[in-house]
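What follows is calculated from the coordinates using simple rules that are stated; it is not laboratory data. All values derive from a computational prediction rather than experimental measurement. Cβ coordinates were reconstructed from backbone atoms using ideal geometry, including for glycine residues, and neighbour counts include every protein chain displayed.
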Ligand SMILES: [Zn+2]
């Protein structure tokens, strides 16, 4: 039987409004990280508070990858999304064909939870991607 599982434990949490990416806020200096860290790299404080990260951000930069892990068809667009929390998140980009014409630096993007790839047994590995905001999901 085929299954679906998250690519990493702890990346997603339901804070009361559906699944969101889980960031960690440093209790001492207030910096925010994704994924959460055991120790703040800036001030070495521990005990980060788990917070929901915004679903929307700005496309900071993008490129096309021609290589990937097995089960992930190439080529595929990748990019960095700048979130209001002040962090830049690496992400696969989706629902943006033809990506080289649709994607524009500075455009608003929205997080979706989708299959990233299938493993050798055909199980779905689920993670986050970003798509242009405002488009009808298909
Ligand atoms: Zn800190």
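Being more than 10 Å from the ligand (Cβ to nearest atom), surrounded by fewer than 18 Cβ atoms within 10 Å (Cβ to Cβ) and either free of Cβ contacts under 8 Å to residues at least 12 places away in the same chain or within 11 Å of residue 87 (Cα to Cα) (or both) is the filter here; which residues of region 17-31 pass it? Result: 18, single match. If you go through region 38-86 and pick out every residue that is out of contact with any strand residue (DSSP E or B) (no Cβ under 6 Å at 6 or more places or on another chain) and within 16 Å of the ligand (Cβ to nearest atom), you end up with 9. Taken together, 90, 34 contain a single residue that is within 16 Å of the ligand (Cβ to nearest atom) and under 23 Å from residue 124 (Cβ atoms), which is 34.
Scanning region 72-100 for residues that are more than 24 Å from residue 31 (Cβ to Cβ) and free of Cβ contacts under 8 Å to residues at least 24 places away in the same chain yields 73, 74, 75, 76, 78, 97, 98.
Checking the stated criteria, residue 1 turns out not to satisfy the condition of being loosely packed, with under 13 Cβ neighbours inside 10 Å and under 23 Å from residue 77 (Cβ atoms).
Annotation note: Cβ proximity below 8 Å between a residue of region 36-47 that is without any contact (Cβ under 8 Å) to a residue 40 or more places away in the chain and a residue that is more than 9 Å from the ligand (Cβ to nearest atom) and part of a loop (DSSP other than H, G, I, E, B) (sequence gap 6+ or interchain) occurs for 36/10; 46/38.
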